[in-house]
1. For the pairs K23/K71; K16/K39; K31/K71, flag any whose C-alpha to C-alpha distance is greater than 22 Å.
2. Taking only the Cα atoms of the chain, how large is their convex hull per residue, in Å³?
3. Just the number please: accessible area per residue for the stretch 1-47, 1.4 Å probe, all protein chains included, in Å².
4. Leaving out ligands, DNA and RNA, what percent of the accessible area of the chain is carbon and sulfur, probe 1.4 Å?
5. So, in nm, how far is label Q52 from label R78 when the simple model puts each one 7 Å beyond its Cα toward the Cβ?
6. Give the relative contact order (percent, whole number) for the chain; include only Cα pairs under 8 Å separated by 6+ residues.
7. Over the stretch 19-63, what is the relative contact order in whole percent, taking alpha-carbon pairs under 8 Å and six or more residues apart?
8. Less than 17 Å apart at the alpha-carbon level, and either on another chain or at least 8 residues along: which aspartates and glutamates does that give for K81?
Amino acid sequence: MYLIFRCDCGRVLYAKKGVATRKCSCGKTIKVKSRRILKKVETARDATDAVQALQEEIYGSTMFRTAQEVKDNRLQSRINKLY
């Protein structure tokens, strides 16, 4: 059994049932037990398909950035507005 949930950065992740923590690609370590479970599936393949479907439903694509990239992008936008 695999559990589907979201990180604070918005990325949809999955973890095998019984796993205590999961590390997101944004760098945050997530306690699986404290997350709201979006979906439960039986196989790892079903979990990857569910994650892809949810990400596409939420964002329209599977392109994500790390928190640092978001901060850098905001900083660059502010600099561009000044000049």
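The values are calculated or read from the model by the stated rules, or taken from the named source; none is laboratory data. Everything numeric here is computed off the predicted structure, so don't read it as measured data. Cβ placement follows ideal geometry from the backbone for every residue including glycine, while neighbour counts extend to all protein chains displayed. Keep in mind that these areas ignore ligands, DNA and RNA; they rest on the heavy atoms of the full protein, side chains included. Shrake-Rupley method; radii C 1.70, N 1.55, O 1.52, S 1.80 Å.
1. Values: K23/K71 20 Å; K16/K39 12 Å; K31/K71 24 Å.
Over 22 Å Cα-Cα: K31/K71.
2. On the way: hull volume 7.7 nm³, N = 83.
Dividing the Cα hull volume of the chain by its residues yields 93 Å³.
3. On the way: 3060 Å² over 47 residues.
It amounts to 65 Å² per residue over the stretch 1-47.
4. Working: 3020 of 6180 Å².
It is 49 percent, rounded to a whole number.
5. Here the answer is 3.8 nm between the modelled labels.
6. Value for the chain: 30 percent.
7. Details: 20 pairs, mean separation 8.8, N = 45.
Dividing the mean separation by the residue count of the stretch 19-63 yields 19 percent.
8. Candidates past the 8-residue exclusion: D72.
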